[in-house]
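Take a look at the structure set out below.
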Amino acid sequence: MGSAVSAVGLVELFVAVLITGVSCVNAAPPVAAWRRSGEARFLLVSGANGFLALLGALWTWGQLPWNPPSWTPAPLPILAVTLLAVMLFLAATLWPRRA
């Protein structure tokens, strides 16, 4: 017996998956920069993206109908603010540096 999923629930699931995916992808370039330069700030940015990916994975789990713990779902406004932070991290990674 499947449960009905609301349209807002699908949007929340999509945003949570988007947070997870973009954070995972965005964690790799700072690691490569850290390996080249040895500067710890790149490792810190990668770690921040890794933890945002973990948070997104928890929120994704909270949106799925598999009896997640009560603390895993997140409302849409929190997901939207976190997605904005993830996109700013992505923009900072993709922004070309000055020569």
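Coordinate-derived values only; no laboratory data. Just so you know, these numbers come straight off a predicted model, no measurement behind them. Positions of Cβ are generated from backbone atoms using ideal geometry, with glycine treated the same way; all protein chains shown enter the neighbour counts.
Which residues' amide hydrogens lie under 5 Å from the amide hydrogen of ALA74, considering only partners 5 or more residues apart or on another chain, with H built in the peptide plane?
Result for ALA74 returns nothing.
Just to confirm a number: summing +1 for Lys and Arg and -1 for Asp and Glu over residues other than PRO30 whose beta-carbon lies under 11 angstrom from that of PRO30, what do you get?
+2
Per residue of the range 20-35, in order, report the coupling 6.51 cos²θ - 1.76 cosθ + 1.60 (Karplus, θ = phi - 60°) as ³J(HN,Hα) in whole Hz, putting x for Gly and Pro.
4, x, 5, 5, 5, 5, 7, 7, 6, x, x, 5, 5, 5, 5, 5
Quick one: compute the contact order of the chain, relative version, from alpha carbon pairs under 8 angstrom and 6+ residues apart, as a percent. Spell out each step's value before the answer.
Details: 97 pairs, mean separation 34.0, N = 99.
About 34 percent, as a whole number.
Can you compute the modelled spin-label distance between SER70 and ALA85, with each label point 7 Å from Cα toward Cβ, in nm?
2.5 nm
Arranged from highest to lowest average of other beta-carbon atoms within 10 Å per residue, in what order do the peptides 55-67, 14-26, 81-93 appear?
Values: 55-67: 16.7, 14-26: 19.4, 81-93: 15.0.
Order by mean packing, descending: 14-26, 55-67, 81-93.
Just subtract the alpha-carbon distance of LEU10 and CYS24 from 0.36 nm times their residue separation and send over the number in nm, one decimal. Write down the numbers at each step before the final one.
Values: separation 14, 0.36 × 14 = 5.04 nm, distance 2.11 nm.
Additional length available on full extension: 2.9 nm.
Taking θ = phi - 60°, what integer Hz values does the Karplus form 6.51 cos²θ - 1.76 cosθ + 1.60 yield along the range 90-99, in sequence order, with x for Gly and Pro?
5, 5, 5, 6, 7, 4, x, 7, 6, 7
Can you list the trypsin sites (Lys or Arg not before Pro) in the chain that are in a DSSP coil and have 14 or fewer other beta carbons within 10 angstrom? Write out the running numbers ahead of the final one.
Details: sites: ARG35, ARG36, ARG41, ARG97, ARG98; in loops: ARG97, ARG98.
Answer in residue order: ARG97, ARG98.
For LEU94 and VAL17 in the same chain, what is the full-extension length gain: residue separation times 0.36 nm, less their Cα-Cα distance, in nm? Kindly include the intermediate steps, with their values, before the conclusion.
Numbers: separation 77, 0.36 × 77 = 27.72 nm, distance 2.08 nm.
Stretched out fully, the LEU94 to VAL17 stretch lengthens by 25.6 nm.
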